[in-house]
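First up is the structure itself, then whatever we jot down about it.
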């Protein structure tokens, strides 16, 4: 298994003999305004350039879009990703949207769906507190994660845009992943609080699966993510988690 942090929640994952592109956010730096109603909305997005070459990003066998928020599936991705690549969406509503954008092989993540020798398992998450999701469901919407399983590979859990909650705890208990990717930039919406994981969420995950390696993604790329890599690394060291919690720079990869 190889995992490369590209930018924001965009990952390149080489697993079980196939290459996956996760949540492609491919716009040029400063191409879009900040997200309305979020903290630091005056800052344009993306905040940083892509440092991974585009031909490497697009040299994959399949794409997974955990949800269609524009920092996970943007206009640049719609334009640049080959329309005939197999693409997995979380449910029929997202799949129909992506089909309407010209993609011809859109599949829905369902129990037991396979890609080659790989089993892809959709997992539940929640894009904020119960109160936040209830108050702003039209904005926050549905999200998912994915567990990857294949003979000869360690089990990988990409949690997606979620905070720590009972769903995540159950996913960890059920699948006992060896590697966990967390969206960990502590993105904030005014009046609603955190909508993805921050430091304490990461600590909760580590305590739930202390033998797993955690990779922190979704950092320093969008206006409303307030947790920096430096702050997270300091927290990891303070709580003596550095052997198990990795905070990659963009274009950094790990092999397991």
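The values are calculated or read from the model by the stated rules, or taken from the named source; none is laboratory data. On a predicted model such as this, the values are computed, not experimentally measured, just so you know. Quick reminder, even Gly has a Cβ in these numbers, built from the backbone with ideal geometry, and neighbours come from all protein chains shown.
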Report task. Please work out if residue 156 is within 27 Å of residue 1 (Cα to Cα), under 13 Å from the mean Cα position of the chain (by Cα) and at pLDDT 95 or above. Result -> yes
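Residue by residue, here is whether (1) crowded, with 23+ Cβ neighbours inside 10 Å; (2) on the phi > 0 side of the Ramachandran plot holds:
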residue	(1), (2)
16	no, yes
19	no, no
47	no, no
65	yes, no
Query raised in the report: Can residue 175 be described as under 21 Å from residue 66 (Cα atoms) and touching a residue at least 40 places away in the same chain (Cβ under 8 Å)?
Result: yes
Report summary line: Restricting region 27-37 to residues that are more than 16 Å from residue 67 (Cβ to Cβ) and in contact with a strand residue (DSSP E or B) (Cβ under 8 Å, 6 or more places away or on another chain), the one surrounded by the most Cβ atoms within 10 Å (Cβ to Cβ) turns out to be 27
Query raised in the report: Which condition does residue 48 not pass, out of (1) modelled with pLDDT of 95 or more; (2) closer than 24 Å to residue 94 by Cα, if it passes all the others?
Result: (2)
Query - Pair list, Cβ under 8 Å, 6 or more apart: region 127-141 residue on the phi > 0 side of the Ramachandran plot and surrounded by 15 or more Cβ atoms within 10 Å (Cβ to Cβ), other residue modelled with pLDDT of 95 or more and in a helix (DSSP H, G or I) - result: 128/140
Report task. Residue by residue through region 106-126, note down the ones that are out of contact with any helix residue (DSSP H, G or I) (no Cβ under 9 Å at 6 or more places or on another chain) and surrounded by 15 or more Cβ atoms within 10 Å (Cβ to Cβ). Result -> 109, 113, 115, 118, 119, 120, 122
Requested in this report: Go through the residues of region 190-213 one by one and say whether even a single one is without any contact (Cβ under 8 Å) to a residue 24 or more places away in the chain, over 16 Å from the mean Cα position of the chain (by Cα) and closer than 19 Å to residue 10 by Cβ.
Outcome: no
Query raised in the report: Do you know which of the residues in region 239-256 that are surrounded by fewer than 12 Cβ atoms within 10 Å (Cβ to Cβ) and without any contact (Cβ under 8 Å) to a residue 24 or more places away in the chain is farthest from residue 227 (Cα to Cα)?
Result: 243
Requested in this report: Report, by residue number, each residue of region 225-254 that is under 18 Å from the mean Cα position of the chain (by Cα) and closer than 20 Å to residue 179 by Cβ.
Outcome: 229, 232, 245, 246, 247, 248, 249, 250, 251, 252, 253, 254
Report summary line: By my count, helices (runs of 4 or more DSSP H) wholly in region 40-106 with at least 2 residues that are in contact with a strand residue (DSSP E or B) (Cβ under 8 Å, 6 or more places away or on another chain) are 54-57, 92-100
